[in-house]
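Student: First the structure, which I've put down as structure tokens, then a few questions once you've had a look.
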Amino acid sequence: RGAEGKTIVVGIKERDGDIRAQAVPDAKKETLRALVKGNVAPGSVVSTDEFVSYGLLVPDGFGHGAVQHGGGEFAYYDDRNDVMHHTNNVENFWRLFKNSIRSTHIHVSAKHMDRYLAEFAFRSNKRVMRNAMFDLLIGAL
């Protein structure tokens with residue numbers, strides 16, 4: 001839980017790949033450093049919002065572009081790394097996740113947040129597979 005008692009969740013999405021989401025104890029630089037190092041290949045170019053703790057990325061060997069949402073910026077092209085920086089995919093994931101909670105579960109306890117996130121990320125990552133949930137569940141038996 002963060003300073004205001006809210007659960008802190010972080011999402012990481014590989015461009016044209018899967019999304020990963022998990023609850024973290026805080027948004028401190030060291031917490032985020034461990035999360036990034038455990039999920040992102042060294043030397044990758046990472047797009048984030050302007051949150052100050054993401055300043056850790058460049059000294060750790062990652063390329064980094066921060067979209068300045070507070071200044072009305074939603075995307076920008078980085079010619080140094082030949083990449084369009086945006087956080088739209090992760091933000092869309094959070095919008096859908098929150099709507100799912102509101103419409104299906106009403107409330108999610110911090111204790112079980114990782115389970116809800118894992119389920120929702122799984123469904124999001126498998127959404128292009130026809131009959132994915134049924135086939136994957138039957139295959140697991």
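Student: Would you kindly state how much longer the chain becomes between N92 and A118 on full extension, computed as 0.36 nm times their sequence separation minus their alpha carbon distance, in nm to one decimal?
Tutor: Fully extending the segment from N92 to A118 adds 7.7 nm.
Student: State to the nearest 20 debye the size of the charge dipole of the chain about its Cα centre, where the only charges are +1 on K and R beta carbons and -1 on D and E beta carbons.
Tutor: Approximately 660 debye in magnitude.
Student: Using only Cα atoms, find the angle between the long axis of helix 113-125 and the longest principal axis of the chain, and express it within 0 to 90 degrees, rounded to the nearest 10.
Tutor: Helix 113-125 sits roughly 90 degrees off the main axis of the chain.
Student: Let me ask something else about it. Ranked from highest to lowest mean number of other Cβ atoms within 10 Å per residue, what is the order of the peptides 61-68, 100-107?
Tutor: For the peptides 61-68, 100-107, the packing ranking is 61-68, 100-107.
Student: Leaving out ligands, DNA and RNA, and with a 1.4 Å probe, what % of the accessible surface on the chain is carbon or sulfur?
Tutor: 53 percent
Student: Quick check on the range 10-76: take the gyration tensor over C-alpha atoms, sort the square-rooted eigenvalues as a ≥ b ≥ c, and tell me if it's rounded (a/c under 1.5), prolate or oblate.
Tutor: Verdict is rounded for the range 10-76.
Student: For the chain, what does the accessible surface come to per residue with a 1.4 Å probe? Please give it in Å².
Tutor: Normalised by residue count, the accessible surface of the chain is 67 Å².
Student: Please tell me which of these pairs span more than 18 angstrom C-alpha to C-alpha: K6/K98; K13/K126; K6/K111; K37/K111; K13/K37?
Tutor: K37/K111
Student: Roughly how many nanometres apart are two label points built 7 Å out from the Cα toward the Cβ at R127 and E73?
Tutor: Spacing of the two 7 Å Cα→Cβ label points: 2.7 nm.
Student: So in the chain, what percent of DSSP beta bridges are antiparallel if you round to the nearest 5?
Tutor: 65 percent
The values are calculated or read from the model by the stated rules, or taken from the named source; none is laboratory data. The model shown is predicted, which means the values in this text are computed figures rather than measured ones. Heads up, the Cβs are rebuilt from the backbone with ideal geometry, glycines too, and the neighbour counts pull from every protein chain shown. Please note that ligands, DNA and RNA were not included when accessible areas were found on the heavy atoms of the full protein model with its side chains. Shrake-Rupley method; radii C 1.70, N 1.55, O 1.52, S 1.80 Å.
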